[in-house]
Amino acid sequence: MSLEKNILVKLNNVGIQQNEKWLVKGVSLEVEKGKIVTLIGPNGSGKSTTAKIALGIYKNIEGNVEKFTNNVGYVPQKISIDWTLPLRVKDFMVLTDNIKDELIDEALSLTGVIHLKEKNLGNLSGGEFQRVLLARAISKKPELLVLDEPVQGVDFTGEIALYELIKKISEKLNCGILLISHDLHTVMSATDHVVCLNGHVCCSGSPKDVARNNEYKALFGEQASQTLSVYEHKHDHEHSIDGKIKKN
Amino acid sequence: MFDDFFIRALVAGIGIAFVTGPLGCFVVWRRLSYFGDTLAHSALLGVTIAYTLDFNIAVAIFITSSIIALILVKLERKTNLPGDALLGLLAHSSLAVGLVVIGFLTFIRFDIMGLLFGDILAVTTDDLLIIWIGGAIILLVLKLIWKPLFASTVNYELAEAEGLKPDRAKAIFTILIAAIIAISIKMVGLLLITGLLIIPTAMARNISDNPQKMVIFSIIGGLLSVFLGLFSSLEFNTPSGPSIVAAALILFIISLFKIKQTIQLKN
């Protein structure tokens, strides 16, 4: 069935507890080939945690994850690299896979940082490092790409260009993308499926249907709905500040 | 020209330096200096077991150090004590227990100084075989786990997410550290073996801008330290371990001038 439906990874009712508190609970979603699934939600809603569960980084989880590919590219939200280890951009590019030099150059050119290839990672700016991270993840031509806030710290024009690049990559490589963002406005036009998280799945669906929604237009204006489609929706419950669910 | 024992010590030292170079890089990168120290301290216990049961010293040390590493992993999970406290606990208690046991073994004459600081007179032809065959195996295994170990040293989650099995690489690496301690203890001594792992690597860090260079300079640094240390040990009749580590320190100090130059060039 997985072959028919082109599913790359499927989360079945997964959750994880830490210090007797649920970080996320009851999340089900699937990423298919050539599709972009976006996780949205406030800070601390479990977006990164869900991505890490999908990647298999967390082991002691509830529910189960079915993964149908091992060719994965990951851009983590936070990455701290210890500078006792001298590392150039080109060393970093082959970190998890032996990638040919042409492919490294191609990926670095696509994200606009080919000139930094010989530089030491420690000397890059935040935005430059983010572009290198993205280049590394796409250079191995993955089947599944997990991008956790991939454009943080990138300048505004760069941000739009990188989102366009991400869309292009999903088409060209026909890979599935699990994207995390809190930046609704720039991402939504490229997304096939949206999952709204707040400790659990509040709701999920296609953004395009909702963009034509009259309520949405009233909320964001006619122009906004033409240029950018935003996933607008209603919840049947509210959250208090600590994330607990208050039923309406 | 030289006595046989000195040639043996030299051949042993060269073999050890080839292994401590790359292993030392990972010890420094992964911040495992005190972990190495703890395993080395526990080696004394291995030595006493070897003497009591008339067993090969290197094998006995390898087994005790691996057990201590396992105990550490268990304690880390079971207690709320920080890692450095657990390391101190295991290092000193295993050293103490080892020394107490030696006190009981009055029927054997121990060269404690030799165990603690190394003794070039003690290296036998059998030891050479153990060092070179053991060293070759260590390097081969390290080469096999290089990718996942290196990737998870840079970032654990990236390595895990992209399917490299970093936990397995880490466990194997721990065994490799126990192994290098086991094969080099006679030469360098258990108090100073971590010095040979760390100081040439620290020197290499000062003069390298990428990981491959750092590994190569670390090996070269180790080889130079062994040569300088052993010749001075022969010349001045000093214990071999401290002489080798002191030579490594001199190389490290020289490498500091290189940093100063690069900083000046940058400005």
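In the Gaussian network model of chain B, springs joining C-alpha atoms below 10 Å, which of B:Leu144, B:Leu192, B:Leu230 carries the largest mean-square fluctuation? Of B:Leu144, B:Leu192, B:Leu230, the most mobile in the Gaussian network model is B:Leu144. Available extension along the chain between A:His237 and A:Glu164 is 22.9 nm, counting 0.36 nm per residue and deducting the alpha carbon span. Remark: chain B carries a charge dipole of roughly 780 debye about the Cα centre, counting +1 on each Lys and Arg Cβ and -1 on each Asp and Glu Cβ. With a Förster radius of 35 Å applied to the C-beta separation of B:Asp167 and A:Asn43, the computed FRET efficiency comes to 0.75. Remark: the Cα gyration tensor places the stretch A:64-168 in the rounded category, a/c being less than 1.5. For A:Asn13, put the label point 7 Å out on the Cα→Cβ axis and report which residues of the stretch A:36-64 keep their amide N under 12 Å from it. From the stretch A:36-64, the list is A:62-64. Note on B:Phe5 and A:Glu106: with the Förster distance fixed at 51 Å, the Cβ-Cβ geometry gives a FRET efficiency of about 0.30.
Put a dot 7 Å past the Cα of B:Tyr156, heading toward its Cβ, do the same for B:Leu89, and the two dots end up 2.0 nm apart. When a/c reaches 1.5 or more, the comparison of a/b and b/c decides; with that in mind, is chain B rounded, prolate or oblate per its Cα gyration tensor? It is oblate, given that a/c is not under 1.5 and a/b is not larger than b/c. Lysine pair count for the stretch B:4-191 (Cα-Cα distance under 16 Å; residues 8 or more apart in sequence or on different chains): 5.
Converting phi to 3J(HN,Hα) with the Karplus coefficients 6.51, -1.76 and 1.60 and the offset θ = phi - 60°, the stretch B:119-125 yields 8, 6, 6, 7, 6, 9, 4 Hz in sequence order, with x at every glycine or proline.
Its Cα centre serving as origin, the protein assembly as shown has a Cβ charge dipole (Lys and Arg +1, Asp and Glu -1) of approximately 340 debye. Here the Karplus relation 6.51 cos²θ - 1.76 cosθ + 1.60, evaluated at θ = phi - 60°, turns the backbone of the stretch B:108-115 into coupling constants of 10, 8, 9, 9, 4, 4, x, 5 Hz, with x for every Gly and Pro. Simple rule: put +1 on each Lys or Arg Cβ and -1 on each Asp or Glu Cβ in the stretch B:4-191, find the dipole, and look at B:Ala85, B:Val19, B:Gly114; the Cα lying farthest toward the positive end is B:Ala85.
Under the simplified labelling scheme, the B:Leu256-A:Ser28 pair shows an inter-label distance of 6.4 nm, with each label point 7 Å from Cα along Cα→Cβ. Cβ-Cβ distance of A:Asn6 and B:Thr106, R₀ of 45 Å, FRET efficiency by 1/(1 + (r/R0)^6): the value works out to about 0.05. In the calculated pair distance distribution of the protein assembly as shown, what percentage of Cα-Cα distances lie above 40 Å? Roughly 38 percent, once rounded to a whole number. Dividing the summed -39500 (n - 2.57) terms of all DSSP H runs of n ≥ 4 by the residue count of the protein assembly as shown sets its mean residue ellipticity at 222 nm at -19500 deg cm²/dmol. Within the protein assembly as shown, DSSP assigns beta bridges of which about 55% are antiparallel (rounded to the nearest 5). Stretching A:Glu118 away from A:Asp155 to a fully extended chain increases their span by 11.1 nm, per 0.36 nm per residue minus the current alpha-carbon distance. Semi-axis lengths, largest first, of the ellipsoid equivalent to the stretch B:168-267 are 25, 21, 9 Å, with √(5λ) applied to each eigenvalue of the Cα gyration tensor.
Each Cα pair under 8 Å and six or more residues apart adds its separation to the average, and for the stretch B:4-191 the resulting relative contact order is 36 percent. Counting only aspartates and glutamates at least 8 places from A:Lys78 when in the same chain, those with an alpha carbon closer than 13 Å to its own are A:Asp148, A:Glu149, B:Glu157. Neighbouring Cβ atoms from other chains, within 10 Å of the Cβ of residues in B:147-155, number 5 on average. Return the whole-Å distance between the Cα centroid of the stretch B:42-56 and the Cα centroid of the stretch B:162-201. Distance between centres, Cα-based: 19 Å. Shielding of peptide A:69-76 by partners, expressed as the average count of other chain Cβ atoms within 10 Å per residue Cβ, is 3.
Under the classification rounded if a/c is under 1.5, otherwise prolate if a/b is larger than b/c and oblate if not, where does the stretch A:118-188 fall, given a ≥ b ≥ c as square roots of the Cα gyration tensor eigenvalues? The shape class here is oblate.
Take each residue in B:21-32, count the other chain C-beta atoms within 10 Å of its C-beta, and the mean is 1.
Values in this text are rule-based calculations from the coordinates and carry no lab data. These numbers come from a predicted model, not from an experiment. A quick note on method: Cβ atoms are made from the backbone with ideal geometry, for glycine too, and the neighbour counts reach across all protein chains shown.
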